[in-house]
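Reading through the structure tokens given below for one structure.
The values are calculated or read from the model by the stated rules, or taken from the named source; none is laboratory data. Treat the numbers as computed from the prediction; the structure is a model and nothing was measured. Note that each Cβ is placed from the backbone with ideal geometry, even for glycine, and that neighbours are counted across all protein chains shown.
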Amino acid sequence: MFRLTLVRYVVIALGLTSVLLSCQNADQTVTDKQTPAQYAGQIKSLIAAGRRVETVSNDSLKWAADKLYNLSNLTKDKSALVWAELFEANYYWQNADHKSAMQWSMKCLADAEKFNIKQANIQIYGTISNLHKETGNYPMAFKNADRGLKLAIATKDTAHMIALLGLQAMFTRSLHLYKHQPGADSSINLNLAALRIAESNPHYEKMRIRFYDNICQYYKDQRDYARAYYYGNKGVELALKFNQQRSLTYSYSWLGQSYYFQGDHEKGIGLLNKALALATVLKEPYRIMEIHEHFYDCYISDNDYKNALTHYRRTQTMRDSMKVVDNGNKLSELQIKYETAEKDKQITALNAQAKIEALKRNAIIVILTLVVIIIALTYLKEHKRKELVLSEKLRVDEELKNAGLELQYFTENLKQKNEVIEEFKTEIEHLHLQNITIADKEGLENLINAHIMTDENWDSFRKLFSKVHVGFFENIKKKYPNLTVSDARILSLIRLELSNSEMANMLGITIEGIKKSKQRLRKKMELDKDDALENIVSDI
């Protein structure tokens, strides 16, 4: 499909060699004769080297992680352990092994918080956000990016503030493109705002690359090619300056598509080939798959079904190998379009040779095609029926999974609100000892009441709860017909394993009121004194 010139191979090789050399400078022989200061310096050098190669060489990233593990085992240095886990997570992420990447990310996050390694703590939130985005879980992607951003603001870490703003811009754009969000794409405002911060200080020059790329992509999709070229070329210039090979794959991709869509097909495909070659050298299968999709977008826009089909097949093969769910019907549709276009070309060639012979052969082709179509339709009908059954099962499983996540998020949100209520109550008790007006006191009490679960909130909660715990309320009504709606509400909160304090705050009553409600429930349900109410509820 493509060829790299000797010069381009040399440039890439030299770039990776310089990175590897910088890493090797940090790789001193690990012995038990070094001083603590020497160990600390070696760990610091390895962390810096690992951060430099994160977007340049995935193999070198794994190397840095292994060296840090060795030093961590030898010195018990917790920063070496946490950064090794972070590099391990990023290594698996860039190799499209999302399950392993998430496992390492969770371990790194726990250790970073435990040992108070704040910079690694902020960065791992970025990795977790990207993992959720690539699996389509945008609520969790935004949630973790926001956590990282808040931590960066609290520690006045401007570099990570810029990076996490960039992540939020990327998620906003992806959500707009693939989830069909209504309204204009607001990601451009986030990107421009983050770029202004990055351009305010030469120290953040390297961080401008991602924003040049993102803004180039936005204007490319808006068909504002002049601006796309401007920002894309600035991204290429800085990526080459700082040897950011992965960033170059994006710069070349967006510029390549811009040139192709504007009519310069040769230059556009040339840039996409450069992006594909870099991604191959970097050994990043997910980027390779994405670039094949960019080829497909170009060729399909020009009705070049043959080349479009080639790249779509490669995309499908990679998606299957990485267990990324996709719609297989698209491949069948493209196959039919390509074959139809090929038949039209054959018919035209036959007509040019001999009109009568072409008509005869065409008639034979039509008859044979009809026979094949009849056979194929019979086969496809049965095949499609099986696919629909499987697709329906996958859909139901996915809906249940999403409902569970939504209920978990809803419950966590209620718990956070309960914490706010406790703070307000403490404030009210504190203010009771001071001279405050009745109006101020009522204002604080109104703030508390605003967090209490209303009937409207209860209806939303009930619907979401029923999706995850199917038949819960029906079983209560059938097994204990004398229970009221309020009783069922208490039982559902017990099913979520909420504390008496959390339930009291949520329902706007006292903890003593909750205890009395539970006693009343035990009597209505005719439970023995040895029966635990929580165990009975979990079995409903």
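Given the structure, is ALA193 surrounded by 15 or more Cβ atoms within 10 Å (Cβ to Cβ), assigned to a helix (DSSP H, G or I) and hydrophobic (A, V, I, L, M, F, W, C)?
no
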Identify the residue in the range 94-122 that is within 14 Å of GLY50 (Cβ to Cβ) and in contact with a Leu (Cβ under 6 Å, 6 or more places away or on another chain) and, among all such residues, is modelled with the highest pLDDT. CYS108
Flagged in the range 234-264 as assigned to a helix (DSSP H, G or I) and either acidic (Asp, Glu) or farther than 19 Å from ILE291 by Cβ (or both), in numbering order, are LYS234, GLU237, LEU238, LYS241
Scan the range 105-136 for residues that are crowded, with 17+ Cβ neighbours inside 10 Å and either aliphatic (A, V, I, L, M) or more than 19 Å from PHE87 (Cβ to Cβ) (or both) and jot them down. LEU109, ALA112, ILE117, ALA120, ILE122, ILE124, ILE128, LEU131, HIS132, LYS133
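Looking at the structure I just gave you, is ILE494 of a type in the set (Val, Ile, Thr), closer than 27 Å to ASN413 by Cβ and part of a loop (DSSP other than H, G, I, E, B)?
no
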Could you pull out the residue among ILE197, ILE124, ILE162, ILE153 that is free of Cβ contacts under 8 Å to residues at least 24 places away in the same chain and among the β-branched types (Val, Ile, Thr)? ILE153
Within the range 196-214, does at least one residue satisfy the condition of being among the aliphatic types (A, V, I, L, M) and touching a His at 6+ places or on another chain (Cβ under 7 Å)? no
Is it the case that ASN25 is out of contact with any strand residue (DSSP E or B) (no Cβ under 9 Å at 6 or more places or on another chain), in a helix (DSSP H, G or I) and either at pLDDT below 70 or of a type in the set (Asp, Glu) (or both)? yes
Looking at the range 308-330, is at least one residue at pLDDT below 55, closer than 30 Å to GLN245 by Cα and touching a Lys or Arg at 6+ places or on another chain (Cβ under 6 Å)? yes
In the range 208-220, is there at least one residue being out of contact with any Ser or Thr (no Cβ under 9 Å at 6 or more places or on another chain) and either touching a residue at least 60 places away in the same chain (Cβ under 8 Å) or surrounded by fewer than 24 Cβ atoms within 10 Å (Cβ to Cβ) (or both)? yes
So, in the range 35-72, of the ones that are modelled with pLDDT of 85 or more and basic (Lys, Arg), which residue ends up nearest to the chain's Cα centre (by Cα)? LYS62
Just to be sure I understand, how many residues within the range 150-175 are touching a Leu at 6+ places or on another chain (Cβ under 8 Å), farther than 15 Å from TYR218 by Cβ and among the small types (Gly, Ala, Ser)? 1
Considering only the range 488-517, state which residues are crowded, with 18+ Cβ neighbours inside 10 Å and without any contact (Cβ under 8 Å) to a residue 60 or more places away in the chain. ARG489, ILE490, LEU491, SER492, LEU493, ILE494, MET503, ALA504, LEU507, ILE514, SER517
Against the conditions (1) charged (D, E, K, R); (2) more than 21 Å from ASP224 (Cα to Cα); (3) in contact (Cβ under 8 Å) with a residue 12 or more places away in the chain; (4) surrounded by fewer than 17 Cβ atoms within 10 Å (Cβ to Cβ), where does ARG246 fall short? Just the number, please. (4)
With the structure loaded, tell me whether ARG223 is modelled with pLDDT of 90 or more and outside the structural domain of LYS143 (by TED's automatic domain parsing) or whether it fails that test. yes
